[in-house]
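Encoded as structure tokens, the structure appears first; notes follow it.
The values are calculated or read from the model by the stated rules, or taken from the named source; none is laboratory data. All values reported here derive from a predicted model rather than from experimental measurement. Cβ placement follows ideal geometry from the backbone for every residue including glycine, while neighbour counts extend to all protein chains displayed. Remember, those area values only see protein heavy atoms, side chains included, never the ligands or the DNA or RNA. Shrake-Rupley method; radii C 1.70, N 1.55, O 1.52, S 1.80 Å.
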Amino acid sequence: MAAVETPPAGAPGAAPAASRKRRPKAQYLHAAKRARPGGSRQLEPGMCGILITCNMNERKCVAEAYSLLGEYGEQLYGPEQFTDQDESRLSGNEEDDDDAETALKKEVNQIRTSTEQKLRRFQSVESGANNVVFIRTLGVEPEKLVHHILQDMKATKKKKTRVILRMLPVSGTCKAFLEDMKQYSETFFEPWFKSPRKGTFQIVYKARNNSHLSREEVIKELAGVVGHLNPENKVDLSNPEFTIVVGIIKNICCLSVVKDYILFRKYNLQEVVKSKEGEGQQDASKVSQEGDLDGGKPTEEEKVEEKTEVAEASDNHKD
């Protein structure tokens with residue numbers, strides 16, 4: 001192989017060695033962002049948060065969610081505390097800025113040591129389904145927060161959103177395979193259903209972009225787990241103390257146990273502000289007549305979702 005000659009210093013077209021090695025700092029910052037730990041932007045096992053359905057406008061939905069959750073989050077948990085990392089990054093030695101490799105190492109190190117400080121109380125992540133937004137939460141009890149929002153909106157009858165339809169808390173996620181769900185739920189359900197605790201319950205199941213799970217099998221297995229934790233736990237479709245919400249998106253299962261599911265109109269923010277006394281009992285009667293663990297006729301919103309999912313499935317099949 002022929003040797004490559006290095007132009008002598010000072011010769012036309014020659015550049016100092018340090019300059020040849022230097023690369024645009026933006027390139028290193030971009031690499032640092034890719035290396036950020038704990039900052040997944042997709043729904044995955046081990047997360048908790050809030051699953052939100054909307055009417056076609058996901059960007060507007062995210063904006064409404066941030067506004068609504070921020071308002072009620074401050075009521076329950078106080079103002080969110082921010083840590084200004086930018087100032088600490090800029091306060092370093094100017095000599096470091098001249099050395100791109102040193103700048104990169106410094107940036108990555110600061111990211112790794114301050115991951116928790118960088119995570120926001122509410123952060124939108126990719127849900128994996130159209131018209132569905134997932135807001136990951138940090139330092140928040142999703143069930144408590146969403147129940148508080150619905151309780152206040154029902155009492156005040158103030159409509160605070162336009163595109164958000166339902167807002168469902170997600171206290172845990174796991175892989176959407178029957179054995180994984182069964183194993184995960186055995187521990188997940190304990191705070192509500194393990195002896196000596198007991199309660200009446202129903203199971204609500206919704207799958208999106210997933211065809212390998214059987215609704216009947218999932219409901220049967222999860223109901224069996226609840227019964228195993230305490231045989232005194234009983235199914236009640238007319239007025240259950242707890243509703244187990246099972247949401248499947250692709251290969252992820254979202255789980256939560258909520259109260260007042262019927263009273264709060266299936267956690268529908270549009271409906272809860274116009275509900276009247278006695279409607280909850282009427283809905284409960286309709287549900288009980290269906291004779292299923294998660295009975296009830298589909299709402300208009302659910303019909304729209306179903307049409308969307310059928311269209312998506314058709315497109316995927318063509319591909």
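Somewhere in segment 241-260, is a residue under 17 Å from GLU179 (Cβ atoms), modelled with pLDDT of 95 or more and open to solvent by 40 Å² or more (accessible area, probe 1.4 Å)? Yes, segment 241-260 has at least one match. Restricting attention to segment 237-246, does a residue exist that is assigned to a loop (DSSP other than H, G, I, E, B) and in contact with a Lys or Arg (Cβ under 6 Å, 6 or more places away or on another chain)? No, that holds for no residue. Within segment 205-222, not a single residue is farther than 22 Å from HIS148 by Cα, part of a loop (DSSP other than H, G, I, E, B), modelled with pLDDT of 95 or more and charged (D, E, K, R). Just one of the numbered conditions (1) part of a helix (DSSP H, G or I); (2) at pLDDT below 55; (3) touching a Ser or Thr at 6+ places or on another chain (Cβ under 6 Å) is not true of VAL62: (2).
Pairs are defined by a Cβ separation below 6 Å, a sequence spacing of at least 6 or placement on different chains, a first member in segment 211-238 that is free of Cβ contacts under 8 Å to residues at least 40 places away in the same chain, and a second member that is of a type in the set (Lys, Arg) and assigned to a loop (DSSP other than H, G, I, E, B); the pairs so defined are ASN230/LYS198; GLU232/LYS198.
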